[in-house]
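Single-structure report; data block below.
The values are calculated or read from the model by the stated rules, or taken from the named source; none is laboratory data. Given the structure is predicted, the values throughout are model-derived calculations rather than measurements. Quick reminder, even Gly has a Cβ in these numbers, built from the backbone with ideal geometry, and neighbours come from all protein chains shown.
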Amino acid sequence: MIFYLTYNDAPSGIYSSQVIDVVKYLNSISEKKIKLVSLISMRGFLSNKKKIKTELSNAIVIPMFPGVHRWKLNSVFLQILTLFFRPEKIICRSVLATQLGLLLRKKGKIKAVVYDGRGAIAAEWNEYKVVQHPALLSTIFEMEKEAVLNSDYRIAVSQKLVEYWQTSFNYTSNNHVVIPCTLNKIYENVLLNDDVIKKSRSVFGIGENDVVFVYSGSVAGWQSFKILSDCIKPILAADTKHKLLFLSDKDENIIQLQTQFSNQVFCMRVGVSEVPIYLVMADYGLLLREETITNKVASPVKFAEYIACGLKVIISDNLGDYSALIHKNQNLGFLYSKVQNLNSIPLTDKIEIQRIGLSNFMKNSNKSTYEKLV
């Protein structure tokens, strides 16, 4: 058996596609059993446990010891679980989960630890104040370094993250795989045709000849709303047929855009399963972030979601591996610094973009890489 451990990771759309779907997929390709062990906050524990168990009924969901800085105390729960299930390996999502895995290995409870590296964690905590506890902030760099160097194997979401490990931690091993954030299964069967696009646009009164831009996701600080605003305002001002759709919560920034460009800016919050229904109406997906270490090594799943729905992507420079990909293949979009000829995307082009997305970002298209983990 193999444990897949998450720590202080609440259920969300990302959790569904990048954790639960991954565990399901690993079980589908391996004779070994992979069991999700989710340590979550006691705040909202019952409702969050229900959400996880609804998607993955055999997941083990237990309350974490109060206070993220007391992460070590959770090793007691995990040692008890290892007595019952006897896992040989533990795949750990995040630095603190990996620290718990390393403790289990040190105590002889498991043989191997796999670090599932989702980004440059010390940089992210400091750049975006993800955690503010002084003790954690003062130790996270060394804990991340230990997770990278002392794990038996590693997953990186981008080649840029591997390069960050090499320069920051003197990582010299080749015991890793690069797996980008892969798509939720709901993107496997997204239908693209004129009728589907027209129906989706009709919800907002958007015409067939309009050029539609979409931003899907959080409007939190690290999503760099100012950059998005600086990019889209000249585009909206240039032609009233240019429309912008936010698939997100509404905030004051969006309201200001709606006030400035009435009848051109729309906003709707939708469930995870509904996102593709509205993405297909658009021509361009916006993926614009500031140049921080966090973003330079990132693998935003929105990139995969956009192209899986036939959108060209307008992307910032130096965003993970994807800016270089767009630079090489302009059929997939534009760098923000080189935006040009923003016309409607023909259906034939959208279908080809979708084909590329599905052939590169579905879990099964990364099967040989996933197999190396188990």
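Of the residues that make up region 71-78, is at least one crowded, with 18+ Cβ neighbours inside 10 Å, within 24 Å of VAL22 (Cβ to Cβ) and free of Cβ contacts under 8 Å to residues at least 40 places away in the same chain? I'd like the intermediate steps shown before the answer.
Let us first name the residues in region 71-78 that are crowded, with 18+ Cβ neighbours inside 10 Å, namely 71, 74-75, 78.
From what's left, within 24 Å of VAL22 (Cβ to Cβ): 71, 74-75, 78.
Still in the running and free of Cβ contacts under 8 Å to residues at least 40 places away in the same chain: 75.
Yes; the residues of region 71-78 include at least one that is crowded, with 18+ Cβ neighbours inside 10 Å, within 24 Å of VAL22 (Cβ to Cβ) and free of Cβ contacts under 8 Å to residues at least 40 places away in the same chain.
Take region 1-40 and flag every residue that is of a type in the set (Phe, Trp, Tyr) and closer than 19 Å to VAL301 by Cβ. If you could, list the steps in order and put the result at the bottom.
So in region 1-40, the residues of a type in the set (Phe, Trp, Tyr) come out as 3-4, 7, 15, 25.
Result: TYR4, TYR15, TYR25.
How many residues are surrounded by fewer than 22 Cβ atoms within 10 Å (Cβ to Cβ) and among the charged types (D, E, K, R) when one looks only at region 303-320?
Number satisfying all stated conditions: 1.
I'd like the full set of residues that are in contact (Cβ under 8 Å) with a residue 40 or more places away in the chain, part of a loop (DSSP other than H, G, I, E, B), farther than 25 Å from ILE29 by Cα and charged (D, E, K, R), limited to region 317-374.
If the condition is that a residue be in contact (Cβ under 8 Å) with a residue 40 or more places away in the chain, part of a loop (DSSP other than H, G, I, E, B), farther than 25 Å from ILE29 by Cα and charged (D, E, K, R), then ASP321 is the only one that fits.
Return the only residue of ALA298, ALA282 being touching a Leu at 6+ places or on another chain (Cβ under 6 Å) and assigned to a loop (DSSP other than H, G, I, E, B). Outline the logic, then answer.
Numbers: ALA298 fails: touching a Leu at 6+ places or on another chain (Cβ under 6 Å).
That would be ALA282, the only listed residue that is touching a Leu at 6+ places or on another chain (Cβ under 6 Å) and assigned to a loop (DSSP other than H, G, I, E, B).
Inspect region 264-271 for any residue being buried (at least 18 other Cβ atoms within 10 Å of the Cβ) and either under 29 Å from ILE293 (Cβ atoms) or in contact (Cβ under 8 Å) with a residue 60 or more places away in the chain (or both) and give the result as yes or no.
Kept after step one, since they are buried (at least 18 other Cβ atoms within 10 Å of the Cβ), are these residues of region 264-271: 264-267.
So of that shortlist, the ones also either under 29 Å from ILE293 (Cβ atoms) or in contact (Cβ under 8 Å) with a residue 60 or more places away in the chain (or both) come out as 266.
Looking through region 264-271, at least one residue is buried (at least 18 other Cβ atoms within 10 Å of the Cβ) and either under 29 Å from ILE293 (Cβ atoms) or in contact (Cβ under 8 Å) with a residue 60 or more places away in the chain (or both).
Checking the structure you have, find out if any residue of region 60-76 is within 26 Å of SER368 (Cβ to Cβ) and not acidic (Asp, Glu). Let's see the steps before the verdict.
Just the residues of region 60-76 that are within 26 Å of SER368 (Cβ to Cβ), to begin with: none.
Checking region 60-76: not a single residue is within 26 Å of SER368 (Cβ to Cβ) and not acidic (Asp, Glu).
Inside region 333-374, can you point out the residues that are exposed (fewer than 15 other Cβ atoms within 10 Å of the Cβ) and at positive phi?
Scanning region 333-374 gives a single hit, ASN341.
Name the residue, out of LYS160, LYS198, LYS226, LYS241, that is under 27 Å from GLY320 (Cβ atoms) and surrounded by fewer than 21 Cβ atoms within 10 Å (Cβ to Cβ). Break it down stepwise before answering.
Details: LYS160 fails: surrounded by fewer than 21 Cβ atoms within 10 Å (Cβ to Cβ); LYS198 fails: under 27 Å from GLY320 (Cβ atoms); LYS241 fails: under 27 Å from GLY320 (Cβ atoms).
Result: LYS226 is the single residue among LYS160, LYS198, LYS226, LYS241 that is under 27 Å from GLY320 (Cβ atoms) and surrounded by fewer than 21 Cβ atoms within 10 Å (Cβ to Cβ).
With the checklist (1) more than 20 Å from CYS181 (Cα to Cα); (2) modelled with pLDDT under 95 in hand, flag the one item SER316 doesn't pass.
Status for SER316: all satisfied but (1).
Mind listing just one residue for me: the one in region 135-154 that is within 20 Å of LEU103 (Cβ to Cβ) and among the hydrophobic types (A, V, I, L, M, F, W, C) and, of those, surrounded by the fewest Cβ atoms within 10 Å (Cβ to Cβ)?
Residues of region 135-154 that are within 20 Å of LEU103 (Cβ to Cβ), as a first pass: 135-136, 138-154.
Filter once more, keeping what is among the hydrophobic types (A, V, I, L, M, F, W, C): 135-136, 140-141, 143, 147-149.
Numbers: ALA135: 11, LEU136: 18, ILE140: 21, PHE141: 18, MET143: 18, ALA147: 26, VAL148: 26, LEU149: 15.
Among them, the one singled out is ALA135.
Which condition does GLN132 not pass, out of (1) surrounded by fewer than 18 Cβ atoms within 10 Å (Cβ to Cβ); (2) under 30 Å from SER365 (Cβ atoms), if it passes all the others?
Unmet condition: (2).
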